[in-house]
Structure formats: C-alpha cells, structure tokens
Amino acid sequence: MFRTSPLKTAGVILLALGAILFAWPNLWSKETRDAVQKRIPAALQIFVPHKAMPLGLDLQGGAHLLFELDSQSIIRQAAEQLRNDVRELFRREGVALGGGITLQGRGVSFRVPDAAARARIMPRLRELIQPNALIATAAQAPYTLTEGDGGAIQIAITDAGVNERIGNAVSRSIEVIRKRIDPSGVTEPNIQRQGFDRVLVQVPGVTNAQEIIDLVGQTAELEFRFVAEPGANPADTEVVSYPEGGQGATITIEKNVIVKGDDLTDAQAAPDSQRGGWLLNFRFNIKGARAFGEATTKGLYRRLAIVLKDKKPGGVEEKRVISAPTVQSPITGGQGQITGNFDAKQANDLAVQLRSGALPVALTVVEQRVVGPGLGQDSIDAGKTASYVAAILVCVFMLISYGVFGVIANVALLIHVLMIIALMSLIGATLTLPGIAGIVLTIGTAVDANVLIYERIREEAKLGRTIPSAIDAGFNRAFATIMDSNSTMAIAALILMIMGTGPVKGFAVVFVLGILTTVVTAVTMTRMMIALWYQWMRPKTMPF
C-alpha cells in the first residue's frame with residue numbers, strides 16, 4: 001500500500017498554512033497592514049505576514065509620463081566632439097589649418113590650402129570617421145567626408161550617425177531612470193522607449209506625477225572644487241549660486257575640478273547627529289579616492305565646494321554649491337560626507353540621483369497624467385469575475401468527472417492560488433491585469449496535471465491493479481510527463497520575465513510562480529490527501 005512519510009506530510013501542511021497566513025494580509029486595509037508592520041521588529045518582518053501584493057498601474061492607477069530627449073543637444077554634443085577630435089588630429093599631425101574649424105549644424109568644416117598637407121591629413125581623417133567594421137555597413141556610416149574647392153573639407157554626421165547617438169542616449173536614459181525609480185520603493189515601473197527619442201515611464205501607486213518628474217528630470221552631476229582664494233585670477237574662477245549662504249547668495253569657486261561624480265561608487269543618506277537634519281555619506285573608487293586624497297592634503301584648511309550641476313533643456317547648465325565645508329584633515333580613505341541643510345526626502349533623492357549617475361541629456365516632459373483609481377477598480381472587478389467564473393467551472397468539472405478525487409483536486413487548487421498570492425506578497429511582485437490572466441491560466445495548468453494523474457490511475461485500475469497500486473502507478477507514470485510539460489512552459493515564461501517589461505513581465509512572474517506551485521499542489525499535496533483518504537475510508541472500488 002502506498003504511504004507518504006510523516007515528514008513530507010508535515011511539510012505540505014506547513015506550506016498550506018503558510019500560504020493561508022501570508023496571503024491573508026491582502027484582505028486587510030493599508031492602515032491595518034501599516035499598523036501591524038510598525039509592531040513587528042525589523043529582524044522578524046520576513047517571518048510575520050503583513051505585506052500585500054502591490055497592484056500595477058492598470059489596477060490601482062498611478063503616474064503616466066512621457067519624456068522627450070533633447071535631440072538637438074545630442075547632435076550638438078556630437079558635432080562638438082567631432083570638432084575636438086579633428087583639432088587634436090591636426091595638432092598631432094602638425095598640419096596647419098587655413099583658418100579655424102567651423103561648427104555646423106551636423107558637423108564641422110575647415111580648410112587645408114596646402115595640397116601636400118591635405119594629402120597627408122586626409123587618410124587620418126578617414127580613419128577618424130571610420131565606422132566599426134564589425135557592426136556597421138556602408139549605409140550605416142556615421143559620417144560623410146567631402147572635399148571642395150580651395151582645400152575645403154566638410155565632415156557631416158549622417159542620419160544613421162544621428163540615429164545611433166539618439167538610440168544610445170535613450171538606452172542610457174532608461175537605465176538611469178530605472179536606477180532612480182526602483183530604489184524609491186516602487187516596484188515594477190514600466191520604463192520603455194517610445195518612438196524615436198522618447199521614454200515612457202509608468203509608475204503604479206504614485207498620485208503626484210511631479211515627484212517622479214523631479215526625481216527623473218534632474219541630471220545631478222556632482223563636482224568637487226576648491227573655493228577660490230582672495231586674489232585668484234578671475235579667468236580661473238567662476239561665480240555660482242550658494243543657497244546655504246542665504247537667499248540669492250553666491251560663492252566664487254575655482255574652475256579646476258578635483259573629482260567628478262563619475263568616480264562615486266556609493267552615496268547614502270543618513271541622519272546628521274551633530275547639526276540635525278540629514279547628510280550624505282559618499283565613497284569614491286580608487287581613482288577618485290587618490291585624486292581626492294591628494295587635493296585635500298595640499299588644500300588643508302581650505303574650503304571645498306561641492307557643486308551640483310543640472311542640465312536643462314537646450315543644453316543650459318545650472319550650477320549651485322550645495323555645501324562648502326573646510327578641509328580639517330586630509331581625506332585619503334575615499335569616503336566623506338556632504339552636509340547641506342537637507343531634509344530626509346531631499347537627502348534620499350540626491351543620493352539616488354548620485355548613485356544612478358547623470359542623464360546623458362536633458363529630458364522634457366511632453367505628456368503627464370495620472371490614471372485614476374476608477375479605471376483600475378473596473379479592471380479589478382472584471383478580472384475577479386473572470387477568475388471566479390473560471391474557478392467555479394473548473395471545480396464543477398472536476399467534481400462531476402472524478403468525484404471525491406475532484407474534491408481533493410479542488411482543495412489543492414485553492415491552496416495553489418493562495419500560494420501564488422502569498423509568494424507575490426512576500427517578494428513584492430506587482431499584480432497587473434495580465435497577472436490576473438496568468439493566475440487564471442495557472443488554474444488550468446494545475447487542473448490539467450490532476451486530470452493527467454487521474455486518467456493514469458483510471459487506466460491502471462482497468463488493468464486490474466488494486467486501488468493503492470493503481471494510485472501509486474498513476475502518480476509515478478504521470479509525474480515525468482507533468483515535469484516535462486511544466487519545464488517547457490517554465491522556460492518560455494522565464495524568457496518572457498527576463499525580456500518583458502511592465503504588464504508583460506507581471507504576467508510572466510505570475511505564470512512562473514504558478515508553474516512552481518503546481519508541482520507542489522497538483523502532485524505532492526494531492527498525493528498526500530489521497531493517501532490520507534484511502535487510509536481513512538478503505539474503499540473497495542475506485543470513486544470514478
């Protein structure tokens with residue numbers, strides 16, 4: 001007679017109880033969950049049910065923002081980089097220009113009147129604008145080089161070159177935006193390219209879109225410079241705003257940059273125990289730590305200006321000194337603090353911006369709206385109705401087809417759904433409308449596994465096996481088929497989860513969790529319940 005080990009039985013019962021307990025907070029109000037969370041010590045929060053599934057933008061509403069990159073700024077930066085490269089090339093080759101290098105809309109133009117010098121420089125110019133032979137074709141050349149009368153030469157960025165740069169800027173912007181929004185506590189925001197030079201950002205649960213705009217829109221490039229000493233050459237200094245000094249205050253700082261924010265490896269907000277308010281702890285990489293250590297050693301007792309640069313649309317830069325402390329001792333460990341009368345939100349937002357790096361180009365909001373909860377509630381109601389109808393039909397089918405075995409399958413199915421909800425609550429996976437469809441779909445796959453098992457049992461019983469033998473053989477024969485079927489579905493779902501975004505990813509996450517829990521509930525849990533039923537009822541014939 002087939003049996004299940006007491007240890008396995010206890011494990012399955014604990015899993016079922018855990019699923020019920022961790023899914024239960026989804027029935028609580030947000031106020032209740034927050035109140036429970038406050039009473040739980042931080043170290044024990046993972047073991048005590050208090051979290052609910054976050055709802056996606058399509059279910060609870062949220063901020064919908066469309067950002068547009070400053071394409072002209074990207075082209076202008078590319079042209080300026082080209083001008084610098086050409087100037088450096090002429091300097092290195094020792095070739096004199098017949099005038100300067102003129103910056104044009106999409107490139108540069110210059111003159112090399114001397115024929116011998118022109119013959120020497122032209123191959124170098126062609127090398128300079130040579131596309132990557134591994135990934136580019138002739139039609140995708142980023143530059144065109146043309147010669148005119150009198151030694152006139154023009155290098156222009158092609159449409160392919162512009163598209164490549166804008167595409168790279170969009171990709172980098174998406175990466176930076178994701179780094180800024182994810183640490184803010186929002187789960188599964190939908191961030192994707194929209195059209196040629198736009199980025200769509202959808203953040204569930206946010207009712208104030210301006211908060212996202214403020215967090216995403218700032219470039220937040222950091223620089224460390226010394227405050228200029230009295231008598232410094234004006235050509236080597238600049239005057240920038242200094243809000244810490246009062247309204248309209250300015251401060252004169254050196255143009256020489258000691259370390260840039262690119263060398264920052266970490267930035268964390270923390271309470272300022274000495275001055276009150278909040279401060280930022282930061283850490284440099286090896287290169288930045290070395291430069292910072294040398295500068296603070298030479299500049300002992302000088303004031304160090306911490307400059308924050310924001311790039312506005314049109315390429316306009318705004319600089320402000322957020323703090324200007326005096327160097328009391330050389331800072332050679334690569335770590336330091338930034339103080340600047342921050343409150344908690346300002347310090348956290350700045351830390352997130354610094355950790356994520358600067359945006360490659362300024363972003364402009366071209367569409368801004370907040371999806372209301374009314375639309376989300378309609379979607380929830382429709383999804384609930386679909387789930388209830390599907391579950392009821394499936395349960396009725398199982399009862400009619402398999403009798404008491406159908407009851408057992410339906411109990412396992414209920415635990416299966418609770419496990420999905422519990423896991424999503426634990427890991428903070430967002431439930432979207434496609435996610436509800438994923439739950440409904442996993443109900444079908446879970447029942448399909450039970451149908452497969454029961455049909456094998458029926459076949460074995462028809463061959464004359466005893467009830468325990470038929471049940472045991474049915475589970476063993478169906479197990480391999482169920483595993484193969486679920487494995488192929490899991491592979492497809494994992495790829496969808498890795499490559500998908502937003503609601504598509506939400507669907508894939510639910511489906512992967514559903515496949516995992518199917519194996520537990522449809523095979524192990526069902527087998528255990530059937531074994532207990534047999535040991536209790538001792539039937540003489542199969543119930544279906």
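Nothing in this text is a laboratory measurement; each read-out follows from the coordinates by a stated rule. Being a predicted model, the structure only gives us computed values, none of them experimental. For neighbour counting, all protein chains shown are included, and Cβ atoms are generated from backbone atoms with ideal geometry for every residue, glycine included.
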query = How big is the Kirkwood radius of the range 1-111, worked out from every pair of different alpha carbons and given in Å to one decimal?
reply = 21.5
key: Summed residue charge, Cβ within 15 Å of Gln81's Cβ, Lys/Arg positive, Asp/Glu negative   = +1
task = Kindly provide the pair-distance distribution of the range 449-544 built from C-alpha pairs, with 5 Å bins from 0 and whole-percent values in order of increasing distance.
result = 2, 13, 20, 18, 14, 10, 8, 7, 5, 3, 1
request  = Evaluate the distance, in nm, between pseudo-label points positioned 7 Å from the Cα of Gln335 and of Arg302 along their respective Cα→Cβ axes.
outcome  = 2.6
key: Relative contact order (%) - criterion: Cα under 8 Å, at least six apart; region: the range 335-482   = 17
request  = Treating the angle as unsigned and between 0 and 90°, give the value, to the nearest 10°, between the Cα long axis of helix 344-356 and the longest Cα principal axis of the chain.
outcome  = 80
The chain: relative contact order in percent, alpha carbon pairs under 8 Å with at least 6 residues between = 19
message = For the chain, take the longest principal axis of its alpha carbons; what is the angle in degrees between that and the long axis of helix 404-427, to the nearest 10 within 0 to 90?
response = 20
key: Relative contact order computed over the range 216-295 (Cα-Cα under 8 Å; 6+ residues apart), in percent   = 26
request  = Work out the P(r) tail for the range 32-175: percent of alpha carbon pairs separated by more than 20 Å, whole number.
outcome  = 63
query = In degrees from 0 to 90, rounded to the nearest 10, what is the angle of the helix 526-537 Cα long axis to the longest principal axis of the chain?
reply = 20
query = Roughly how many nanometres apart are two label points built 7 Å out from the Cα toward the Cβ at Asn281 and Ser485?
reply = 5.4
query = Are there trypsin sites (Lys or Arg not before Pro) in the range 55-107 that DSSP marks as loop and that have at most 16 other Cβ atoms within 10 Å, and which are they?
reply = none
query = Taking the Cβ of Asn26 as the center, what net charge do the other residues with Cβ under 13 Å away carry, scoring Lys and Arg +1 and Asp and Glu -1?
reply = +4
ask   = Once the principal axes of the Cα atoms of the chain are found, what is the range along each, listed largest first in whole angstroms?
value = 105, 63, 44
Positive minus negative residues near Gly245 (Lys, Arg vs Asp, Glu; Cβ under 14 Å) = +1
Computed [θ] at 222 nm, deg cm²/dmol, the chain (DSSP H ≥ 4; -39,500 (n - 2.57); rounded to nearest 500) = -17000 deg cm²/dmol
task = Be a star and scan the range 429-465 for residues whose amide nitrogen sits under 19 Å from the point 7 Å along the Cα-to-Cβ vector of Lys540.
result = 461-462, 464-465
remark   = Rounded to the nearest whole number, the Stokes-Einstein translational diffusion coefficient of the range 369-495 at 4 °C and 1.567 mPa s (Kirkwood radius, C-alpha pairs) in µm²/s is 78
